[in-house]
Amino acid sequence: MLSGKRIILGVTGGIAAYKAAILLRAYQKVGAEVRVIMTREATRFIGVETFASLSKHDVAVEIFPENEPNTSSWTRHIDWSEWADLFIIAPCTANTLAKIAGGLSDNMLTSTVLAARCPLLICPTMDGEMFNAPAVQANLKQVESNGYNILEPAEGYLASGLSGRGRLPETEQILDQSKSILMDKKGPLTGKNVLVTAGPTREHIDPVRFISNPSSGKMGFAMAQAAQRLGGNVTLLHGPVSLGIPKGMNSQSFESVKELSTLVDENTHADIIIMAAAVSDFTPKQHHSGKIKKDSNFKEITLKPTVDILEQLGKEKKDGQIIIGFAMETEDLLDNAKEKRLKKNMDWIIANSLNEKDSGFAVNTNTIWLIGPETEKKFSGQKRKLAEEVLSYIFNK
């Protein structure tokens, strides 16, 4: 449930702040991506560098960072709130709890709380007598009435030397509560089986040479992860890529078009099929079992067409099944993509041009056109963001 999810971890100035590093690693181990927001007081207990190193992201502390020339950095609380699937504050001090209850936004963390579009989980952590104080109890009731989730503290030995209720709950308990919250938040693909293909194919001439393309699989992987975040049960079929395989989804590898075709045939029961793989149109007529020597008589390669997997899917399309294809073009992008969509009986086609700057193979950004029934919509930006925007557009229509 947490695999592929995007989590903001808020850390406030209590002694339990060091445990937030352990919590961050626990989220990562189950496949979640984590970004960290700290209050100034939290940095007195644990360093910013620790969270930056573990999360592989900059840590947000100030709304107006003095050492960041990027003028958009002060809108980070908006950008991150749109990015996240879950916002958790662990530990949450009595001071930060009071600010949230009162709707204050005097630091990066509380500003992001007000901007958040996702569920918020608060783990109040403080000395036992503080937790039982009437003001704290009133604030807990207020934040719950605002729709926020509270995971009450555990009992045990406290930093003050006393025993009582105020400890940060165990990591597994926090993970379980996170899963429970996200299960209640159903996406448009919840309950749907989604098949995604990604990466290049290789058509071998001999054991060491092959016909292929520059596809890195980045767009296909982004589509798979976006489908998972939107609630889909994802199966990822991938060609030879160097990307890390996303956690929490079934994955199988292929090399040739023939191998990919076999795997697709085994998964045609999927409710949604996203054909993002860069599939070769041709394969050598003859495959040499041994390496062709440079001084041999070999002078030319004769090619034959590969099986058209997308066309076959279109012919055998099941009732209610959604097929999304991709088109990479160097000219007449929209006309060629529209023709391909109709010819191969696809519901949607995602078209992008190799002529666009920062678009196409092996880069992290893309400029694409989504073409469907009475739809021509352009999207630009990071592939990961694009993938979620496109699928949200299709399945929230």
| Top-ranked residue of the stretch 147-183 - restricted to ones that are closer than 30 Å to L230 by Cβ and among the aliphatic types (A, V, I, L, M), ranked as modelled with the lowest pLDDT | M183
| message | When the residues of the stretch 229-286 are narrowed to those that are small (G, A, S) and in a strand (DSSP E or B), which ends up nearest to Q28 (Cα to Cα)? | response | S251
| remark: Exception for I89 within (1) in a helix (DSSP H, G or I); (2) at pLDDT 90 or above; (3) surrounded by 16 or more Cβ atoms within 10 Å (Cβ to Cβ) falls at (1)
| request: Determine which member of the set T306, T283, T268 is of a type in the set (S, T, Y), closer than 21 Å to I394 by Cβ and surrounded by 12 or more Cβ atoms within 10 Å (Cβ to Cβ). | output: T268
| query | Out of (1) within 30 Å of Q225 (Cα to Cα); (2) in a helix (DSSP H, G or I), what's the single condition that is false for K186? | reply | (2)
| Single residue of L121, L104, L86 found to be assigned by TED's automatic domain parsing to the domain that holds V34 and in contact with a Pro (Cβ under 8 Å, 6 or more places away or on another chain) | L86
| remark: The residue that is farthest from the chain's Cα centre (by Cα), considering only those in the stretch 27-57 that are closer than 15 Å to T112 by Cβ and part of a strand (DSSP E or B), is M38
| field | Residue list for the stretch 115-130, filter: under 22 Å from F87 (Cα atoms) and not in a loop (DSSP other than H, G, I, E, B) | value | A115, L120, L121, I122, C123, P124
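For the stretch 85-139, how many residues are acidic (D, E) and either without any contact (Cβ under 8 Å) to a residue 24 or more places away in the chain or under 14 Å from M38 (Cα atoms) (or both)? Spell out the reasoning first.
Going through the stretch 85-139, the residues acidic (D, E) turn out to be 85, 106, 127, 129.
Next, only the ones that are either without any contact (Cβ under 8 Å) to a residue 24 or more places away in the chain or under 14 Å from M38 (Cα atoms) (or both) stay: 106.
The number of residues fulfilling the criteria is 1.
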| note | For V208, the lone unmet condition from (1) closer than 30 Å to I322 by Cα; (2) touching a Lys or Arg at 6+ places or on another chain (Cβ under 7 Å); (3) of a type in the set (V, I, T) is (1)
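The values are calculated or read from the model by the stated rules, or taken from the named source; none is laboratory data. None of these values were measured; they are calculated from a predicted model. Neighbour counts are summed over all protein chains in view; Cβ atoms, including those assigned to glycine, are modelled from backbone coordinates with ideal geometry.
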